[in-house]
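Reviewing the structure listed below.
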Amino acid sequence: MTLRWPTGAAEDDPAINQTLATIQSALLQETDAVSTEDRRQHLSFIQAVITRMSQASSSSKSWLLPIVTATYGYAVTGKSILVALLGCLAVLVFGLLDANYLKQERAFRRLYDEVAAGSPIPAFSMNPTLASPEGSGSNYWPDWPDVRSWAVAPVYGPLLLSGLGLVIWLACR
């Protein structure tokens, strides 16, 4: 069984140009007007990311507590400065992770506000840098306001201070 493909185009040049013009006009009309339902769906997508960031922040706190309890507890009973320092390192890592979740959540909240206000953000764009103020590029490290926020500093600060106090207490023994 052999297949023989046609050698020429299925349509002539004017028909191809007409089809191209029809497709281009349909695409331009679709991108110019964002319907209310599209905006609602876009906001729903952004809200899902905000919720995910909030849940990840909560999860990092709930993972840290047993780790800190185990390391600090073992450091006291085993009189091990290294384990106490390991606990302090865990607090720093989880605090940095949690502050980064907060930074991302704030960026997506700005994106949500801009889309809700009808700003010229492309439909269904999930890029929070489109809504960030001028000069605030995207980096992966949390900013100082994120670190000292009420959701990060009051949780991780006392845990870190107690770990450092434990290290000092163990060093003085």
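The values are calculated or read from the model by the stated rules, or taken from the named source; none is laboratory data. Note that this is a predicted model, so its numbers are computed, not measured. No Cβ is skipped: glycine too gets one built from the backbone with ideal geometry, and neighbour counts run over all protein chains shown. SASA here: full protein model, heavy atoms, side chains in, ligands and nucleic acids out. Shrake-Rupley method; radii C 1.70, N 1.55, O 1.52, S 1.80 Å.
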| Criterion violated by TYR74 - all others in (1) farther than 18 Å from LEU160 by Cα; (2) assigned to a helix (DSSP H, G or I) satisfied | (1)
| said: On the basis of being open to solvent by 80 Å² or more (accessible area, probe 1.4 Å) and in a helix (DSSP H, G or I), does TRP169 make the cut? | reply: yes
| Using beta carbons and a limit of 6 Å, which pairs, at least six apart or on different chains, have the first residue in the stretch 128-140 and closer than 19 Å to VAL115 by Cα and the second one at pLDDT below 65 and open to solvent by 70 Å² or more (accessible area, probe 1.4 Å)? | THR129/SER138
| field | Some residue of the stretch 110-127 being under 12 Å from the mean Cα position of the chain (by Cα), closer than 21 Å to ALA56 by Cβ, of a type in the set (Lys, Arg) and crowded, with 16+ Cβ neighbours inside 10 Å | value | no
| message | Quick check on this structure: which one of ASP98, ASP113 is acidic (Asp, Glu), without any contact (Cβ under 8 Å) to a residue 60 or more places away in the chain, in a helix (DSSP H, G or I) and in contact with a Pro (Cβ under 9 Å, 6 or more places away or on another chain)? | response | ASP98
| request: Mind listing whichever residues of the stretch 43-77 are open to solvent by 40 Å² or more (accessible area, probe 1.4 Å) and over 29 Å from ARG110 (Cα atoms)? | output: LEU65, PRO66, ILE67, THR69, ALA70, TYR74, VAL76, THR77
| task | Taking THR7 as meeting all but one of (1) in contact with a Lys or Arg (Cβ under 7 Å, 6 or more places away or on another chain); (2) β-branched (Val, Ile, Thr); (3) assigned to a loop (DSSP other than H, G, I, E, B), write down the number of the exception. | result | (1)
